[in-house]
Amino acid sequence: METRILSHLRALEAESIHIFREVVAEFSNPVMLYSVGKDSSVMLRLAQKAFHPAKIPFPVLHIDTSYKFEEMYEFRDNLAKELGLNLIVHKNQAALDAGANPFDLGTQKCCAQLKTRALLDALEAGGYDAAFGGARRDEEKSRAKERIYSFRDKFGQWDPKNQRPELWNVYNCKIEKGETIRVFPLSNWTELDIWRYIEVENIPIVPLYLAKERPMLVRGSSIIPLEHNYPVKEGEKPEMVKVRMRSLGCTYCTGAMRSDAETLPQLMDELVQFKRSERENRIIDHDTEGSMEIKKREGYF
Amino acid sequence: MSVESQLLRFTTAGSVDDGKSTLIGRLLYEAKGVYEDQLASVQNSSVNRSTGPIDFSLLTDGLRAEREQGITIDVAYRYAATPRRKFIIADTPGHEQYTRNMATGASTADLAIVLIDARKGVLVQSRRHAFITSLLGIRYVAVAVNKMDLVDFREDVFRKIETEFMAYAQSVGLKNVAFFPISALEGDNITEPSARTPWYTGPSLLEHLENVDLVEARNFTDLRFPVQYVNRPTLDFRGYTGQLASGILRPGQTVMTLPSGRITKVKSLPSFDGDLSEAFPPMSVTVCLEDEVDISRGDMLVDPDRVPHVSRRFAAKLVWMHETPGEAERDYLLKHTSQTVRAQISKIRHRIDINTLAEQPANKLELNEIASIQVETRRPLFFDSYGQNRTTGSFILIDPVSNATVAAGMIEESTAESLEPLKLGSLEFSGETEATVTPAERYKRAGHYPATVWLTARQDLAGMLERKLFDLGCYVHVLADDRESHLLPELARVLNSAGLIAICSIASPDPAEAQRAQELAGDTRFLLVDPQKLPVHDEEASEVLMKMLEDRGVLRRKERFEVGEGI
Ligand SMILES: Nc1nc2c(ncn2[C@@H]2O[C@H](COP(=O)(O)OP(=O)(O)O)[C@@H](O)[C@H]2O)c(=O)[nH]1
Ligand SMILES: [Mg+2]
């Protein structure tokens, strides 16, 4: 007789699907935050599985800073069409009109306006009572204590000292008007789990994750993508470098890394070897130690 | 890590400074779960309590507030993987919030690592950890006797702890207890046998974690499928979705739906990846049934030969998790599988001193206290004891005002006689009798409770209400007083004991008769409406009565709007 035991990926899948269904059953207006990244891609697949043969029964919200990679926009729009997603794109237009960018504002202020503010505004405008996010507990230390159902007060803020205990798979969905729950169905997945799952499930991802010769600006140890008219200094010249992105943020703030990983198995090999946390190249995390925790308190994921 | 590796969830228990964080940090490091730049950030950290090169505990102590105080204050989850297994580790801090945190971490764990400082031996706290481990139904216990380097790796120290802890473990019903002489700091017996403990011949801690049997722990016999969400994208597809708590599901299999008690068969198990030929726990699946049955969230598919308990009252162990004390006869919301019902603690039997296990009288439950209690719910739940089934035997209590999760409960096996009689103003069974067909079974089949409705001078209304109830699928009968009026209360009672809703239609008011009917039916299942307050139009009045029957829990409440409904 075949042993009835799920592989760890299938066990994680079952847990995530349970979370998706629980939220759709208990909240009146859930939304999924979609960043176009690999974790979002996995979330979409899990949501498809949870509600098959129905379409994904909630809208998908992309907070667009307008500084994303061109390939991300293409990928997003194609996928939305293919899956019949109810895609909502939201920008902090006022800030953009005022010329918000990380060079003048600094990365923290820029993120606060184009991501955090935009997100909170979009959530309020949509009247959503629950928002799925793709954060994982293995990403960063302050996330290790995050709940799967993360309570946010009327201002979208997170209070790490006052979290609801979460036992078994029994989630507390009770909130008052104006309060919301951020839901993290991928809490227990690691970066490697995400890649494995993308591989076994054949999930489409933005090609930027895989290595290719790309025009880049090499400045010291940073390799900078040249989209959105990156301000090049005197004497600097773009060159073709074989790179990939560890995570997809805004082009200005996402460092690329040299890589030969053209396929998923090669990518995972590199991951295991380098053992570098995916956020290493994301400048925001290095501003101050624990900066992610401060952002989270303010409402950023 | 291979695609076919398995998932093991474990938690750690230990007092402050026993070395929990160090051990987890070490396991993460050894299992290559730590990324290099996180290690770098630990080395840069402004607080560093250790004298050695790397303080592994800083890998696990996360939040800013904690880093400032140098203590862990909340459950943190960590991940590590070896080629055989992926580990989800619940790191639970060891100080005041201890019970709450440990219970939280333990609730999903397959295994608990109980740390004991070799220099200190089995302390009161170690007993506490063993007790909570047993309370939360953790199957495997690995006792890590830590800091062996500080006692010169002496066997006698280890054996003494082994003997003492074992005696205690047995007294609280723990099985599968294994002991490991380790040094979390220096790495002995963590991943491979240590040369410094030649007298120890067992596996290393990590080997043990990689090999504990995960299949044996599962229940494949008693089907329990709590319906989470009804998926109805089109009129001709109706899928019941949920995560299998126990048992196996296969197409063609006979299942009973609760609370209706209807028997039907599984038609198919459709999925994104094609129809499944079998589903087993903990899979999340979609079930299509052969017959059109009315099932909503909160209902359960079970094996008709192995049904769970169906009742509005049960005994449970409770862990109180909130600053506001828990009290008997206060309203709480109780969430059990996919059902949320109003409930009360009908009685606090006693509080349990977690250090001595002594039972103490209590009229309140304070934060981190554990008690044996009795619960009464407004609607019946379908449950097993926690020992039998961790999913159908567990629940949480939510404060309906603050919305906080205030307690976690584990249902205990108990006999009807040992429980307090029901008190709440909802309908109830007329006592669990010795009858061959029990009220619970009648309820399961009928999908509603028996009740008596007393109407005066409203013949047409009686008829209309009967029709409405009948069309809903209820068993109902009108008794009119044109003959034998003095027998109405008794007749109604007979109908009630057969599981029916009796509508008594009286020509003229007779308070004495009404009172007798009420006594016979029982307060909570007797519906008498002041004729002055009932709308004069029959249609309206019948709606009012339907609503009242619903509110009292006689009729199954229609669950929230389902996708596809009403289209
Ligand atoms: N000598 C020795 N010290 C240890 C060992 N394990 C932990 N420690 C030390 O004990 C102290 C408390 O450890 P920590 O992991 O923070 O304990 P926690 O409070 O249980 O998380 C730290 O100074 C550790 O370096 C061990 O195996 N041997
Ligand atoms: Mg610690």
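What follows draws every value from the coordinates through simple rules; no lab data is involved. What you see is a predicted model, and the numbers here were worked out from it, not measured in a lab. Note that each Cβ is placed from the backbone with ideal geometry, even for glycine, and that neighbours are counted across all protein chains shown.
The overall shape of the stretch B:311-411 is oblate: from the C-alpha gyration tensor, with semi-axes ordered a ≥ b ≥ c, the ratio a/c is 1.5 or greater and a/b is no larger than b/c. Compared with the dominant principal axis of the Cα atoms in chain B, helix B:538-551 is inclined by about 30°. The calculated FRET efficiency for residue A:218 paired with residue A:272, based on their beta-carbon distance and R0 = 30 Å, is about 0.70. Against chain B, whose longest principal axis is taken from its Cα atoms, helix B:459-471 shows a tilt of about 40°. Across the options A:172, A:8, A:207, the greatest Cα extent toward the positive end of the charge dipole of chain A (unit charges at beta carbon of Lys, Arg, Asp, Glu) belongs to A:172. Against chain B, whose longest principal axis is taken from its Cα atoms, helix B:98-107 shows a tilt of about 70°. Let me make sure I get this right: for the stretch A:174-265, a, b and c are the square roots of the gyration tensor eigenvalues over alpha carbons, sorted descending. Under 1.5 in a/c it's rounded, otherwise prolate if a/b > b/c, else oblate. Which is it? Verdict is oblate for the stretch A:174-265.
Each Lys and Arg adds +1 at its Cβ and each Asp and Glu adds -1 at its Cβ; summed about the Cα centre, chain B shows a dipole of about 440 debye. Among the chymotrypsin sites (Phe, Trp or Tyr not before Pro) found in the stretch B:197-291, those both in a DSSP coil and sparsely packed, with 15 or fewer other Cβ atoms within 10 Å of their Cβ, are B:199, B:220, B:237, B:272. Think of each Lys and Arg Cβ as +1 and each Asp and Glu Cβ as -1; about the Cα centre, that makes the dipole of the stretch B:224-302 roughly 180 debye.
Peptides A:48-61, A:196-209 ranked from most to least packed give A:48-61, A:196-209, packing being the mean of other C-beta atoms within 10 angstrom over each peptide's residues. Along the axis of the charge dipole computed for the protein assembly as shown (Cβ charges of +1 for Lys and Arg, -1 for Asp and Glu, origin at the Cα centre), the listed residues B:472, B:111, B:332 are led at the positive end by B:111. Once backbone amide H atoms are built at 1.01 Å from N, residue B:347 has B:374 as its partners under 5 Å, excluding neighbours fewer than 5 places away on the same chain. Using amide H atoms built 1.01 Å from N in the peptide plane, name the residues 5+ places from residue B:88, or on other chains, whose amide H lies under 5 Å from its own. Placed amide hydrogens put B:8, B:9, B:10 under 5 Å from residue B:88. Using a simple spin-label model with pseudo-atoms 7 Å out from Cα toward Cβ, residue B:355 and residue A:232 lie 7.2 nm apart.
Which of rounded, prolate or oblate describes the stretch B:224-302 when judged by the alpha-carbon gyration tensor and an a/c cut-off of 1.5?
Values: a/c = 1.31, a/b = 1.06, b/c = 1.23.
The shape class here is rounded.
Pairs of alpha carbons in the protein assembly as shown separated by more than 46 Å make up 31% of all such pairs. Dipole magnitude for the protein assembly as shown: about 680 debye, using +1 per Lys or Arg Cβ and -1 per Asp or Glu Cβ, origin at the Cα centre.
For residue A:262, the residues whose modelled amide H falls within less than 5 Å of its own, excluding neighbours fewer than 5 places apart on the same chain, are A:211.
Which one of A:259, A:47, A:134 has its Cα pushed farthest toward the positive end of the charge dipole of the protein assembly as shown, where Lys and Arg give +1 and Asp and Glu give -1 at the Cβ? Positive-most Cα among the choices belongs to A:259.
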